[in-house]
Amino acid sequence: MLTEIAINLLAKFMGGASVRWVDSQPDTTQRVYFANHTSHIDVILVWSALPAHVRKITRPVAAKDYWSQNWFRRKLARAYNALLIDRHEVKVHQSPVDVMLREIGQEHSVIIFPEGGRSDGVAIGEFKSGLYYMARKRPDLELIPVYLNNMNRVLPRDEYLPIPLLTTVTFGPPMWLERGESKVDFLARARSAVIKLGEAYREEPDHSRTGLPAPLGPTPPAGAAG
């Protein structure tokens, strides 16, 4: 419990994050939160942005080679119940998608970064296919786009010490894989959902960036889009 509190305080110090929900709201429904990726501490920030009762059932996916390097990172990874993926031992019959789906079972949600690696924070990279296969194998999962603003400045690439700056975590409306939708079209639509959250944030007046959360949107539908 103390470790979880420490992580939340660390995330607030590093990111000074405000949290916004746009046409969605915190829920214990099984979800895949998928976000843009510019820093190793993105996983901590997204996880800490969720309410405590949602955090308890949400597992961030993270790179095993990074989060197993020293005792401090290992302790953090255990504290937020990270699902560590070995990027160097991907097997045909043990794909990262299969590992993730097995680990979350019928209870946990998961946080992923579909770009695969960290971007420069200027443009969101093309999405890898993992999100598509998760949506195809588990059509019941709600897919929630997440946009992280300013994280590339909090912990720039190749830097080790975070810089305290105001950041915003924006959760968008749920989406699902549509019937007959191709992998290419789905991944483009998912990437566009994250990009649109960032564009909407930048277009809003300055009062939306003061740390106050936006009003909750309507409750998302119970079933997948047809």
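For segment 19-30, state whether one or more residues are of a type in the set (S, T, N, Q) and at pLDDT below 90. Full working, then the answer.
Quick first cut of segment 19-30, residues of a type in the set (S, T, N, Q) only: 24-25, 28-30.
So of that shortlist, the ones also at pLDDT below 90 come out as none.
No - not one qualifying residue is present in segment 19-30.
I'd like the full set of residues that are free of Cβ contacts under 8 Å to residues at least 60 places away in the same chain, among the aliphatic types (A, V, I, L, M), in a helix (DSSP H, G or I) and crowded, with 17+ Cβ neighbours inside 10 Å, limited to segment 44-66.
Going residue by residue through segment 44-66, those that are free of Cβ contacts under 8 Å to residues at least 60 places away in the same chain are 44, 48, 50-66.
Then drop every residue that is not among the aliphatic types (A, V, I, L, M), which leaves 44, 50, 52, 54, 57, 61-63.
Narrowing the set further to residues that are in a helix (DSSP H, G or I) leaves 44, 52, 54.
Hits for segment 44-66 are Ile44, Val54.
So is Val169 under 20 Å from Arg59 (Cβ atoms), surrounded by 17 or more Cβ atoms within 10 Å (Cβ to Cβ), among the β-branched types (Val, Ile, Thr) and at pLDDT 95 or above or not? Give the derivation first.
Working: under 20 Å from Arg59 (Cβ atoms): yes; surrounded by 17 or more Cβ atoms within 10 Å (Cβ to Cβ): yes; among the β-branched types (Val, Ile, Thr): yes; at pLDDT 95 or above: no.
Considered against the rule, which asks whether it is under 20 Å from Arg59 (Cβ atoms), surrounded by 17 or more Cβ atoms within 10 Å (Cβ to Cβ), among the β-branched types (Val, Ile, Thr) and at pLDDT 95 or above, Val169 comes out as no.
Specify which of the listed residues (Leu187, Leu197, Leu177) is within 15 Å of the chain's Cα centre (by Cα) and either in a helix (DSSP H, G or I) or at pLDDT 70 or above (or both).
Values: Leu187 fails: within 15 Å of the chain's Cα centre (by Cα); Leu177 fails: within 15 Å of the chain's Cα centre (by Cα).
Only one candidate passes the filter, namely Leu197.
For segment 121-147, what are the residues that are among the aliphatic types (A, V, I, L, M) and either surrounded by 19 or more Cβ atoms within 10 Å (Cβ to Cβ) or not in a loop (DSSP other than H, G, I, E, B) (or both)?
Within segment 121-147, Ile124, Leu131, Met134, Ala135, Leu141, Leu143, Ile144, Val146 qualify.
Of all residues in segment 67-86, which are surrounded by fewer than 13 Cβ atoms within 10 Å (Cβ to Cβ) and under 18 Å from the mean Cα position of the chain (by Cα)?
Residue satisfying the conditions is Arg78 alone.
Check whether at least one residue in segment 114-121 is at pLDDT 90 or above and in contact with a strand residue (DSSP E or B) (Cβ under 8 Å, 6 or more places away or on another chain), and report yes or no. I'd like the intermediate steps shown before the answer.
Keep residues of segment 114-121 that are at pLDDT 90 or above, which gives 114-115.
With in contact with a strand residue (DSSP E or B) (Cβ under 8 Å, 6 or more places away or on another chain) added as a condition, the list becomes 114.
Scanning segment 114-121 turns up at least one residue that is at pLDDT 90 or above and in contact with a strand residue (DSSP E or B) (Cβ under 8 Å, 6 or more places away or on another chain).
The values are calculated or read from the model by the stated rules, or taken from the named source; none is laboratory data. Model, not experiment: these values are computed from the prediction. Heads up, the Cβs are rebuilt from the backbone with ideal geometry, glycines too, and the neighbour counts pull from every protein chain shown.
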